[in-house]
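Single-structure report; data block below.
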Amino acid sequence: MLGGRTIVFLSDFGYRNEWVGICHAVMNRIAPASPIVDLSHGIPPLDVQNGALLLVDSLPYLGDDAVVLAVVDPSVGRDRDVALETASGRLIVGPDNGLLAPVSTALGGVTRAVEVTAPEVVLTPISPSFHARDVLAPAAAHLAAGAPIDALGPAVAPETLAPFALPEASVERGKIECEVLDLNRFGNVLLNVRESHLRDSGLDRVEAIQVDATSGSGRAHHVSTYADVCAGEWGIIVDPRGWLLVIRGNPGNAAEGLGNVGSGDPIWLTEARD
Amino acid sequence: MLGGRTIVFLSDFGYRNEWVGICHAVMNRIAPASPIVDLSHGIPPLDVQNGALLLVDSLPYLGDDAVVLAVVDPSVGRDRDVALETASGRLIVGPDNGLLAPVSTALGGVTRAVEVTAPEVVLTPISPSFHARDVLAPAAAHLAAGAPIDALGPAVAPETLAPFALPEASVERGKIECEVLDLNRFGNVLLNVRESHLRDSGLDRVEAIQVDATSGSGRAHHVSTYADVCAGEWGIIVDPRGWLLVIRGNPGNAAEGLGNVGSGDPIWLTEARD
Amino acid sequence: MLGGRTIVFLSDFGYRNEWVGICHAVMNRIAPASPIVDLSHGIPPLDVQNGALLLVDSLPYLGDDAVVLAVVDPSVGRDRDVALETASGRLIVGPDNGLLAPVSTALGGVTRAVEVTAPEVVLTPISPSFHARDVLAPAAAHLAAGAPIDALGPAVAPETLAPFALPEASVERGKIECEVLDLNRFGNVLLNVRESHLRDSGLDRVEAIQVDATSGSGRAHHVSTYADVCAGEWGIIVDPRGWLLVIRGNPGNAAEGLGNVGSGDPIWLTEARD
């Protein structure tokens, strides 16, 4: 193939300023033949879990040899900047704050890790508040241009990398204990429940699911699109990333109906009885 | 030429989430040598007419062999996903909901059409709410990478494709009956009138144009830029896409002055008399 | 190297409409092998100084042979559209309204300039309100594709180009007279003071800096990140672009504490006394 390896870039930078653009400039200078795919720069600011989830959920859609650059960094400049190689051969660059942990686990674990410090790689002086430009983007670009991971800096023991556990649903026959991952702007409630969890619990075959929160509840049917729920009625759909989403037909609002739940709140799913 | 065919991508996805980015990832994986041009992802959500107009208006600026991917899909998953070849040789991919009809007509009509269903093309499982990622983006990328259109799925009779007629102005000597296509955030009023309509009506040579709406009116002069109208005065300019725009100098607001007109409202243009 | 020269694109267009996208389409058509880096399209509308500053500050991060396209154009269609070559060899395209002056100066001055008018380059009819699409983007793309600058139009005497002086801080021993360049959304106050100014004044070694505005003042310590200031306290940091930023710990707001200063307001820095 002509051209360099693709760089897939994810951050919480948004597009209001030049942060994304200057990282592009830096990477294009080092790896001019590498396409850059902006996976998303709309991660809620500093929301490491949200970024970690998007990385995991996006894996099936990324080219095998694409280098991943992920930046969501509440403690910018205080965590190590690392480059990882996973058991699957995927190269990933980002801050060592847990953001990369779930995707690394999903790829069989980290087999090699380095801290990005090589003077030939980082741009100096390193701005204490913009390691993405000065450390992480150069690292990703050098990898995309063919540099070996060892050239980026000294080895880091994989077991010292910051862990991060995405919240796990508890699944048993007829019951799922889970939590709210996120709300969207229409008040739909994203749960940390995958379609496979539903099958394991048997709740995929019940006529209706009882959705209970601490101070609210709903009775939802399985539907396949938003158009399938009538006004005020509840539905459960599998979102495009494979997670369960509790929805409610306009003008109903699922988050309000469940007592204004928010991210992290517990939810219980069981079979609805008449 | 080195590299693959360009993909020109248009949608109503915005940049708040990863929808655009994941489609880029999918296309880059299939067609790594194809540049992707994001024509716009700011189409108002579900506004098929707005997207159809942008496609037609953008044609003069697209490379001859660029593949067009257009996604504005109020009934996602219910319409057929199609790939079209026009009489001019242009390849276009999108939902069969009328979005592609005006651009196809402008290019001499559809000569070949297929429904995108080939297992080697679509990503499975197809999410019922994200055909862009699982069906349309892969189809566009395979075309850009050189796949023949027949490889995407079974032939569709062009006459069964969903039609869509953009609203047509009625033009006679000294009079144009038209409608509001859109407002911009400054309250300027875009009409479905082209510069050629103005010439055909002779209104391009009158000193001032009477702009009448159902419950408001203005008296506008031909100007060439915004700077040419004084406070509260009315002007008519040709916008960069070739349409007539009724403007009013700050702090005037053309849409308010015409009785708060909105998209679809009728407007009459005649010669202004003293 | 395979591929064309990179085009670095800066504007005040935002992403609400197709203006950025159609310029991309135009450039990709002319220079299909040239990557396009969107440095930023978030320049505040019509803010020439903001754009000029971003260009200067971004120079260290751009590839040596990247062509720069900059568009912030309050008088679109009235200023000349120019292409410049600087003493350093950098090619820059934009309106002749001062936007390009500071970056040209920083690169050793303009050695050749042309007005972009060649019929083989501009797209006709030229929209009076969208020279970016019809004149500037084609010019940048032709340069990136290898056209000599003379091919774009007739020579312009460099000394006739519009000047633009960024506000300069006045630095003496123990005192800096400067002004507000910008506020960010958290009320942090960006000053036209570089780290080198601070060193020259000796204020880099004082324990605390007195920050005086016309109707407000603060006492700030040197810190390296936002996390280093406590609630209500003042700090001075060097931002990623090398400018001094006056910050204040939440819920304090530096701009408010300085008497609601805004862009252009004068600020005096001296050593703080007890």
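The values are calculated or read from the model by the stated rules, or taken from the named source; none is laboratory data. Remember, predicted model here, so these are calculated numbers, not experimental data. Here Cβ is always computed from backbone atoms with ideal geometry, including for glycine, and neighbour counts include all displayed protein chains. Please note that ligands, DNA and RNA were not included when accessible areas were found on the heavy atoms of the full protein model with its side chains. Shrake-Rupley method; radii C 1.70, N 1.55, O 1.52, S 1.80 Å.
Data overview
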quantity	calculated
Heavy atoms of C:D200: accessible area, 1.4 Å probe, square angstrom to 10	100
Heavy-atom accessible area, 1.4 Å probe, ligands and nucleic acids excluded: residues of region A:113-132 down by at least 40 Å² from chain alone	A:P128, A:S129
7 Å along Cα→Cβ, label-point gaps from B:E172 to other copies, nm, shortest first	8.0, 8.0
Alpha-carbon centroids, region B:227-274 and region C:155-181: separation in whole Å	41
Loop GluC sites (Glu not before Pro), region B:74-120, which have at most 15 other Cβ atoms in a 10 Å radius of their Cβ (DSSP)	B:E120
Whether region C:121-188 is rounded, prolate or oblate, judged on the alpha carbon gyration tensor where a/c under 1.5 counts as rounded	prolate
Accessible area of region B:203-245 divided out per residue, in Å², using a probe of 1.4 angstrom	45
Probe 1.4 Å - accessible area at A:V171, Å² to nearest ten	50
Largest to smallest accessible area among C:D239, A:D150, C:D64 [probe 1.4 Å]	C:D64, A:D150, C:D239
1.4 Å probe, heavy atoms, protein only - residues of region A:31-69 losing at least 40 Å² accessible area vs chain alone	A:P32, A:V37, A:L39, A:Y61
Accessible area of region A:1-134 divided out per residue, in Å², using a probe of 1.4 angstrom	34
Overall form of the protein assembly as shown per C-alpha gyration tensor (a/c, 1.5; a/b vs b/c)	rounded
For region B:223-237, 3J(HN,Hα) per residue [Karplus equation, 6.51 cos²θ - 1.76 cosθ + 1.60, θ = phi - 60°, Hz, x = Gly/Pro]	9, 10, 9, 4, 5, 7, 10, 7, 3, x, 7, 9, x, 10, 10
Surface share of carbon and sulfur [accessible, 1.4 angstrom probe, percent] for region A:101-150	59
Solvent-accessible area buried by C and A, counting both chains, probe 1.4 angstrom, square angstrom	1900
Fraction of antiparallel bridges per DSSP, region A:1-93 only, in percent to nearest 5	20
Where Rh is the Kirkwood radius over Cα pairs, Rg/Rh for chain B	1.05
Rounded to 5, the percent of DSSP beta bridges in region C:126-252 classed as antiparallel	85
Loop-located trypsin sites (Lys or Arg not before Pro) in region C:205-274, at most 13 other Cβ atoms within 10 Å (DSSP)	C:R205, C:R273
Among beta bridges that DSSP assigns inside the protein assembly as shown, antiparallel share in %, nearest 5	70
Prolate/oblate/rounded label for region C:62-135 (Cα gyration tensor, a/c 1.5)	prolate
In region C:170-220, the GluC sites (Glu not before Pro) that fall in loop regions by DSSP, at most 10 other Cβ within 10 Å	C:E207
Top of B:A70, B:A220, B:A101 by mean-square fluctuation, Gaussian network on chain B, Cα under 10 Å	B:A220
Portion, in percent, of the accessible area of region C:153-262 that falls on carbon or sulfur, probe 1.4 Å	48
